[in-house]
1. So which helices (runs of 4 or more DSSP H) are wholly in region 110-195 and hold at least 2 residues that are touching a Gly at 6+ places or on another chain (Cβ under 7 Å)?
2. Restricting to region 93-107, name every residue that is under 16 Å from the mean Cα position of the chain (by Cα) and part of a helix (DSSP H, G or I).
3. For Ser161, indicate whether it is in contact (Cβ under 8 Å) with a residue 24 or more places away in the chain, surrounded by 15 or more Cβ atoms within 10 Å (Cβ to Cβ) and out of contact with any Leu (no Cβ under 6 Å at 6 or more places or on another chain).
4. In region 83-132, which residues are exposed (fewer than 15 other Cβ atoms within 10 Å of the Cβ), in contact (Cβ under 8 Å) with a residue 40 or more places away in the chain and within 14 Å of the ligand (Cβ to nearest atom)?
5. I'd like the full set of residues that are of a type outside the set (A, V, I, L, M, F, W, C), modelled with pLDDT under 95 and touching a strand residue (DSSP E or B) at 6+ places or on another chain (Cβ under 8 Å), limited to region 26-52.
Amino acid sequence: MNKKGLLVILSAPSGCGKDTVFQELRKVRNDVVESVSATTRAPRDGEEEGINYYFKSESDFQLMVVNDELLEYAKYNNCYYGTPIAGVEKAINEGKVCFLIIDVQGAQRIMSQRPDSISIFLLPPSLEILRSRLENRCTNDEDDINRRMAIAEKEIHMASSYKYRVVNDDLNECVEKINEIINVELLTKNSKEII
Ligand code: 5GP
C-alpha cells in the first residue's frame, strides 16, 4: 500500500457533530474523502446507493464478511455496518486522507489491525451541552435522549484509547485542530519514508 495517504478513524457520541465537522474539513482541504460503508439497514429518505452507503441484503453482507472484503464490521441497532477494504485501499493509494466515521467497536478493531491509522475522538464540551444538543435535534422523546446519553457516557470512557481527543465547542476551532493533526501526521509519515 502506498504510504502517502493517511487512514483516519473518527468517532463521536451521537449529537457531537461529527458529520458537520467532516463537511467543514472538506471545505478547507481537498485531499480528504470518507469511506462509504456497507450496511444492512434500509436507506433513509434522500440516501443514495454508493454515496451514503452500499445497501446490502443480510446474505450479501455475510458474503462480504466470508470473502474478507471488510476491514471491520459491527452490529448496531440490529443492523450490520462494515468498512469495505477496496474503497479504503484505493483512497490511500491515491494519497488521500481517508476518514472512517465509525462507532467505537469498529474503531477498536481498526486500531489493532491497522497501526498505520490514526484515531480522533470528538468530545462534547460537557454532558449537559450534549444533552441540550440532542434535545434540540431530536423530537421531545425523553427515552431516546436518555438512551443516547447512556451510550455517549460509555463511548466517552473509550476516548482515552484514541490517539487524539478534540473538543467540539467552537466548530471552526475544532476543524482547525483536526486540520493541524492531519498536517502533522502527514509530515511525520512522509519524513519517515524519506529516511
Ligand atoms: P446510521 O444508521 O445512523 O447511519 O449509523 C449508525 C452508526 O453506525 C453510527 O455510529 C455510524 O458512525 C456507525 N457506522 C457507520 N458505518 C460504519 C461502519 O462501516 N462500521 C462501523 N463499525 N460503524 C459504522
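The values are calculated or read from the model by the stated rules, or taken from the named source; none is laboratory data. Note that the structure is predicted; figures quoted are calculated from it, not measured. In this analysis, Cβ positions are derived from the backbone assuming ideal geometry, glycine residues included, and neighbour counts consider all displayed protein chains.
1. Of the helices (runs of 4 or more DSSP H) lying wholly inside region 110-195, those with at least 2 residues that are touching a Gly at 6+ places or on another chain (Cβ under 7 Å) span 127-137.
2. Matches in region 93-107: Val104, Gln105, Gly106, Ala107.
3. Considered against the rule, which asks whether it is in contact (Cβ under 8 Å) with a residue 24 or more places away in the chain, surrounded by 15 or more Cβ atoms within 10 Å (Cβ to Cβ) and out of contact with any Leu (no Cβ under 6 Å at 6 or more places or on another chain), Ser161 comes out as no.
4. Hit for region 83-132 is Gln113, nothing else.
5. Arg41, Pro43, Glu47
One line per residue, one yes/no per condition, for (1) touching a Lys or Arg at 6+ places or on another chain (Cβ under 8 Å); (2) within 27 Å of Leu171 (Cα to Cα):
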residue	(1), (2)
Gly5	yes, yes
Val8	no, yes
Asp68	no, no
Glu89	no, no
Gly95	yes, yes
